[in-house]
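Only the coordinates and a few stated rules stand behind these numbers; no lab work does. Just so you know, these numbers come straight off a predicted model, no measurement behind them. Cβ sites come from the backbone with ideal geometry, for glycine too, and all protein chains shown count toward neighbours.
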Amino acid sequence: MAIIKPFKGIRPPQNLVEKVASRPYDVLNSEEARTEAAGNPMSLYHIIKPEIDFEPGTDEHEEKVYAKAAENFAHFRAEGWLVTDAVEKYYVYAQTMNGKTQYGLVVCANVEDYINGNIKKHELTRRDKEEDRMKHVRVNNANIEPVFFAYPHQDELDAIVDETVKGTPVYDFIAPGDGFGHQFWIIDNEKTIARITELFAAIPSLYIADGHHRSAAACLVGVEKRNQNPHHTGDEEYNYFMAVCFPDNQLNIIDYNRVVKDLNNLSAEELLEKLSVSFVVENKGTETYKPNKLHNFALYLSGNWYSLTAKPGTYDDNDPIGVLDVTISSNLILDDILGIKDLRSDKRIDFIGGIRGLGELKRRVDSGEMKVALALYPVSMDQLITIADTGNIMPPKTTWFEPKLRSGLVIHELVD
């Protein structure tokens, strides 16, 4: 069962939401945040990327930077740029991209569910990134940004959301830059809140789609607070962390592609010859080629696009990890041929989210910065859930969810 609860959200007034809201902390660097926040003291970047308030080049992991986040958070509240709701509520958050809208329920998920595996993950986390987010949660005593969960769709929850969004949203805006739509509604009816909690209690598992490090950090801080509290009951707010939960049938994972700096001392002809051992290789010419099914890849090399289709016997359809195209390409192309053994640490490879299009792969190669690009067919939600349910971990850089959650629409405080 999935334990969730409503919470007293800390939110911007309706007329300020577009000034406060920002992209997530981990999708842009410090200088990009500095540029986006220029001239806007209300930008959430002052809390989630507080290094922008120091000299350029300041290490974002310095203690003074974390302290600045807390100082800015308090300042936002004192100025009325963030206001706490009087009673506990659930919220509905809708995102629209390319004419398609997905509707998520904003809830507080349970730390114990993460610990016991009811909240399932599909990626490994790094301790340094966990520690960074832990410090941020500690100093602010809050989950400033939500994590992105998926859940098995449920008809009655869909009906509750459908009824909610018939009303006028409290927030409704198009984000600058990406042009995606963001809408936000409040659920404050006590019976509806109780029913949502009951319906989630019947859902066996929640799945982390995006935000593995934020989830881990929130739970580690929750455990710290539990251990520090001699009167711990389990009902304290620190036992919960903020998540936006989307039904799995509304979500799509987009491609996550690779570019490599060299051909491992091979000529283009030698690379194609080696690829032909495990793949059916077809030259598609100069017109962009996009993979059209599982086990089909697009390769861009020396001005031409190639279709690569993995030959039968080169993968195991019964292995939830081995059947993934990221595994096939990592084993048969990146490792065996190009000599890239560790996707996490090898400096010869870079990764490009599909939101940027295949034109970005071509640009990186044509510029001379990279020698070859590889585009993959995206992982499905069914594959992600199967892997999480079986306790497996996906290879690095497998999933890319878009649109990203907008930060600053609501915050969860870990009140003592």
Karplus (6.51, -1.76, 1.60) ³J(HN,Hα), θ = phi - 60°, over the stretch 4-19, in Hz, Gly and Pro reported as x: 10, 8, x, 8, 7, x, 9, 9, x, x, 3, 6, 10, 4, 6, 7
At q = 0.11, 0.19, 0.20, 0.22 Å⁻¹, what log₁₀ I(q)/I(0) does a Debye calculation on the Cα points of the stretch 164-271 give, no solvent, two decimals? -0.67, -1.32, -1.35, -1.38
So for the stretch 298-416, taking the charge dipole from beta-carbon charges (+1 Lys/Arg, -1 Asp/Glu), which of Gly359, Thr327, Ser380 sits furthest toward the positive end? Gly359
Relative packing of 132-139, 167-174, which averages over residues the other C-beta atoms within 10 Å, highest first: 132-139, 167-174
I need the P(r) histogram for the stretch 318-409: all alpha carbon pairs, bin width 5 Å from 0 out to the longest distance, whole percents. 2, 11, 19, 21, 21, 14, 7, 3, 1, 0
Within the under-10-Å Cβ sphere about Lys404, not counting Lys404, Lys/Arg +1 and Asp/Glu -1 give a net charge of -2
Output needed for the stretch 256-377: three equivalent-ellipsoid semi-axes, defined as square roots of 5 times the C-alpha gyration tensor eigenvalues, in descending order, whole Å. 20, 16, 15
Could you state the number of Å between the C-alpha centres of the stretch 268-286 and the stretch 64-91? 55
Which residues in the stretch 1-22 have a backbone N closer than 17 Å to a point placed 7 Å from the Cα of Asp235 along the Cα-to-Cβ line? 4-8
Using alpha-carbon coordinates alone, the radius of gyration and Dmax of the stretch 1-156 in Å work out to 16.9, 52
Simple spin-label model, 7 Å along Cα-to-Cβ: Arg356 to Thr84 in nm? 4.1
Extended-chain gain in nm, criterion 0.36 nm per residue less alpha-carbon gap, Glu62 and Asn331: 93.0 nm
Subtracting the Cα-Cα distance of Glu131 and Asp178 from 0.36 nm times their residue separation yields 13.9 nm
Percent antiparallel among DSSP beta bridges (both partners in the chain, rounded to 5): 90
What residues have an amide H closer than 5 Å to that of Val106, excluding those fewer than 5 places away on the same chain, when H is modeled at 1.01 Å from N in the peptide plane? Tyr91, Val92, Tyr93, Cys245
Net lengthening on full extension, Thr314/Ile254 (0.36 nm per residue, minus Cα-Cα): 19.2 nm
According to the square roots a ≥ b ≥ c of the eigenvalues of the Cα gyration tensor, what is the shape class of the stretch 80-209, taking rounded for a/c under 1.5, prolate for a/b larger than b/c otherwise, and oblate for the remainder? rounded
Taking a ≥ b ≥ c as the square roots of the Cα gyration tensor eigenvalues, with a/c under 1.5 meaning rounded and otherwise prolate when a/b beats b/c, else oblate, which class fits the stretch 23-98? oblate
Just to confirm my numbers, what's the Cα centroid distance between the stretch 123-197 and the stretch 352-416 in Å? 19
At each listed q (0.06, 0.10 Å⁻¹), what is the log10 of I(q)/I(0) that the Debye formula gives for the chain modelled as equal alpha-carbon point scatterers? -0.27, -0.74
